[in-house]
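Undergrad: Below you'll find the structure I mean.
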Amino acid sequence: MKIHEYQARELLAGAGIPVPAGAMVESVEHAVAEATRIFESGTPEVVVKGQVHAGGRGKAGFVKLVKSAQDARTAANFMLSNRMVSVQTGPEGLDVRKLLVAAATDIAKEYYLAITVDRMRKCNVLIASAEGGVEIEAVAERNPAAILKLPIHPTLGLQPYEARDMAFRLGFKGKQVGQAVDLMMRLFALFCAKDASMVEINPLVVTPASATHPDGRVVALDAKFQFDDNALFRHKELEALADPAEENAAELRAQAFGLSYIALDGSIGCLVNGAGLAMSTMDIVKLHGGEPANFLDVGVSASEEAVTEAFRIILSDTRVEGIIVNIFGGIMQCDRIARAIVLSAKNVGFSVPLVVRLEGTNVVEARRILQDARAELPTMQVATDLTDAARKICAAVRERAAVSAR
Ligand code: GDP
Ligand code: MN
């Protein structure tokens with residue numbers, strides 16, 4: 001699960017990490033009112049930032065520094081009436097419904113700081129760079145040595161001496177060192193306490209020297225969080241931060257029915273029971289020249305209604321040109337899947353080729369149900385095994401494409 005920057009800033013502030021004050025607004029008028037209030041408090045510059053679950057906003061024009069209420073209006077109006085297209089969104093972009101309006105922070109230098117899970121090392125890893133900012137991806141590509149990585153011990157956690165060492169390697173000076181160490185320690189504690197899988201602060205900034213802070217202040221200017229969905233049950237406070245407008249509608253529907261569904265870019269819809277079987281089904285579809293349109297694990301105990309919903313979700317994806325059903329009935333009974341197929345044929349209708357491979361518990365009954373419903377399933381082919389199923393669906397989809405190209 002992801003959250004918005006304005007929510008992330010609240011989490012950071014709650015953990016004692018310095019973030020600029022700001023307010024979330026959902027209309028141009030509110031943005032102007034908030035900007036006016038900040039200007040009247042004596043701050044010369046305001047930043048207006050689109051709130052979406054994707055980065056790359058700066059380059060896409062969805063982070064704007066403004067010096068007047070009129071410019072705040074123009075910026076807010078632009079952001080709320082254009083979709084944001086960035087390197088992280090795909091060409092269709094994202095709708096922007098929320099803005100963060102905040103006092104702008106003066107920046108002396110930008111850094112990058114993140115914590116995530118390193119699956120190869122099987123531990124959390126702190127990632128940092130003195131070359132933070134909107135070009136971080138280019139830095140990682142051009143000059144990977146500028147990205148510092150610190151594996152964090154699974155039980156000891158981040159040690160203060162390690163954070164200090166990192167602060168020195170990043171080039172923090174004087175009082176900045178203590179501030180950076182404090183921030184890293186607090187961030188790691190927050191990351192663990194919330195079962196996060198990723199937190200990224202880019203940029204982490206040092207502000208210019210001032211009378212009260214001769215070495216400047218270390219402040220988090222941007223923050224992105226990802227939380228482990230499997231740990232959300234013990235974080236009701238995080239669940240409340242979810243923004244349904246930012247989620248894939250089909251994925252939300254699937255969730256409500258207890259299905260694990262992830263939309264992908266291909267054209268072959270997959271309905272499978274078990275995550276491992278789903279992965280291997282996707283692999284074998286690709287092996288035979290197809291591209292999976294989704295990952296869908298109906299699990300072991302899905303009801304007939306849930307499986308029917310699964311078909312509805314797959315069929316409502318306009319990119320789907322064929323469906324492969326691969327069930328190995330253990331606890332899941334094949335006849336339940338067969339009944340759901342027949343029900344879906346009645347309720348939704350299979351307008352695209354359907355290849356079914358069933359094996360295991362109650363498979364004889366399942367085959368009989370499908371055989372009896374043949375008339376309602378004109379696009380269905382039955383496969384003998386997984387390879388046969390993958391071949392058949394890929395061939396059917398290719399044939400369909402050839403026909404429509406004629
Ligand atoms: P992202 O592009 O989605 O990661 O959005 P960020 O919040 O990181 O903003 C992008 C860039 O805008 C930052 O790297 C900064 O250079 C700049 N920026 C953002 N907020 C401020 C601010 O308060 N003051 C100044 N001077 N620059 C800012
Ligand atoms: Mn950023």
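The values are calculated or read from the model by the stated rules, or taken from the named source; none is laboratory data. Worth saying up front: this structure is predicted, and the values here are computed from it rather than measured. As a convention, Cβ positions derive from the backbone with ideal geometry for all residues, glycine included, and neighbour counts pool all protein chains shown. When the accessible area is computed, the model is the full protein with side chains, heavy atoms only, and any ligands, DNA or RNA have been set aside. Shrake-Rupley method; radii C 1.70, N 1.55, O 1.52, S 1.80 Å.
Undergrad: Going 7 Å from the Cα of THR384 toward and past its Cβ, which residues in the stretch 303-334 have a backbone nitrogen under 13 Å from where you end up?
TA: none
Undergrad: With every protein chain kept in place and ligands, DNA and RNA left out, what is the accessible area per residue of the stretch 143-245? Probe 1.4 Å, answer in Å².
TA: Details: 5090 Å² over 103 residues.
Ligands and nucleic acids excluded, the figure is 49 Å² per residue.
Undergrad: So the label point goes 7 Å from the Cα of ALA146 along Cα→C-beta, right? Which residues of the stretch 38-57 then have their backbone N under 13 Å from it?
TA: none
Undergrad: Determine the sum of side-chain charges near PHE233: Lys and Arg each +1, Asp and Glu each -1, restricted to other residues whose C-beta is under 15 angstrom from that of PHE233.
TA: Numbers: positive: LYS194, ARG234, LYS236; negative: ASP195, ASP228, ASP229, GLU237, GLU239.
Result for the neighbourhood of PHE233: -2.
Undergrad: If one computes the Cα centroid of the stretch 304-324 and of the stretch 352-375, what distance in Å separates the two points?
TA: So the two Cα centres are separated by 16 Å.
Undergrad: If MET279, MET1 are ordered by their accessible area, calculated over protein heavy atoms with a 1.4 Å probe, which sequence runs from highest to lowest? Please list the in-between numbers first.
TA: Values: MET279 105, MET1 35 Å².
Ranked from most to least accessible, the order is MET279, MET1.
Undergrad: In degrees from 0 to 90, rounded to the nearest 10, what is the angle of the helix 334-347 Cα long axis to the longest principal axis of the chain?
TA: Compared with the principal axis, the helix lies near 80 degrees.
Undergrad: I would also like to ask the following. So for the stretch 127-244, averaging the separation of alpha carbon pairs under 8 Å that are six or more residues apart and normalising by length, what relative contact order in percent results?
TA: Values: 124 pairs, mean separation 23.7, N = 118.
Relative contact order of the stretch 127-244: 20 percent.
Undergrad: Right, another one. Quick one: check the C-alpha center-to-center distance for the stretch 6-47 versus the stretch 108-137, whole angstrom.
TA: First find each Cα centre; the distance between them is then 25 Å.
Undergrad: May I pose another question? Among ALA163, ALA102, ALA138, determine the one that fluctuates most according to a GNM of the chain built with springs between C-alpha atoms less than 10 Å apart.
TA: Looking only at ALA163, ALA102, ALA138, the largest GNM fluctuation is found for ALA138.
Undergrad: Measuring with a 1.4 Å probe in the full set of protein chains, what accessible area per residue, in whole Å², belongs to the stretch 1-48? Display every interim value, and only then the final one.
TA: On the way: 2130 Å² over 48 residues.
That works out to 44 Å² per residue.
Undergrad: Placing +1 at every Lys and Arg Cβ and -1 at every Asp and Glu Cβ, with all other atoms neutral, what dipole size does the chain have around its Cα centre, in debye to the nearest 20? List each step's numbers first, then the result.
TA: Numbers: 44 positive and 49 negative charges, 88 e Å.
Dipole magnitude for the chain comes out near 420 debye.
Undergrad: Now, a different point. Could you order peptides 333-346, 79-92 by the average number of other Cβ atoms within 10 Å of their residues, highest first?
TA: Numbers: 333-346: 21.4, 79-92: 14.5.
So the order, starting with the most tightly packed, is 333-346, 79-92.
Undergrad: Take peptides 246-256, 300-310 and line them up by average Cβ neighbours within 10 Å, highest first, as a rough protection proxy. Show your work: numbers first, answer last.
TA: Working: 246-256: 14.9, 300-310: 18.3.
Per-residue Cβ counts within 10 Å, averaged per peptide and sorted highest first, yield 300-310, 246-256.
Undergrad: Taking all protein chains as present, what is the carbon and sulfur share of the accessible area of the stretch 165-224, in % to the nearest whole number, probe 1.4 Å? Working shown, then result.
TA: Numbers: 1380 of 2400 Å².
C and S fraction of accessible area: 57 percent.
Undergrad: Here is a follow-up. Which order do the peptides 223-233, 66-76 come out in when sorted by mean C-beta neighbours inside 10 angstrom, highest first? Walk me through the numbers on the way to the answer.
TA: Details: 223-233: 16.2, 66-76: 18.5.
My ranking of the peptides, most packed first, is 66-76, 223-233.
Undergrad: A further question follows. Pairing the Cα long axis of helix 69-81 with the longest principal axis of the chain, what angle in degrees results, from 0 to 90 and rounded to the nearest 10?
TA: Approximately 10 degrees, to the nearest ten.
Undergrad: Straight-line reach from LYS149: which aspartates and glutamates have Cα under 19 Å away, leaving out those fewer than 8 places along the same chain?
TA: Leaving aside aspartates and glutamates fewer than 8 places away in the same chain, those within reach of LYS149 are GLU110, ASP118, GLU131, GLU135, GLU137, GLU141, GLU162, ASP165, ASP182, GLU200.
Undergrad: Any idea what the relative contact order of the chain is, in percent, if you count C-alpha pairs under 8 Å spaced at least 6 apart?
TA: Value for the chain: 12 percent.
Undergrad: Any chance you could list P(r) for the chain, counting all Cα-Cα pairs in 20 angstrom bins from zero, rounded to whole %?
TA: Distribution as computed: 23, 44, 28, 5, 0 percent.
Undergrad: With N set to the residue count of the stretch 254-406, report its C-alpha Rg divided by 2.2 N^0.38 Å to two decimal places.
TA: Taking N as the residue count of the stretch 254-406, the ratio is 0.93.
Undergrad: Here is a follow-up. Per the helix-only calculation at 222 nm, which mean residue ellipticity applies to the chain, given -39500 (n - 2.57) for every DSSP H run of n ≥ 4 and division by its residues, nearest 500 deg cm²/dmol? Provide the component values of the computation, followed by the final result.
TA: On the way: 14 runs with 157 residues, N = 406.
So the calculated ellipticity at 222 nm is -12000 deg cm²/dmol.
Undergrad: Could you tell me how many degrees, from 0 to 90 and to the nearest 10, lie between the Cα long axis of helix 275-287 and the main elongation axis, the longest principal axis, of the Cα atoms of the chain?
TA: Taking Cα atoms only, the helix is inclined about 80 degrees.
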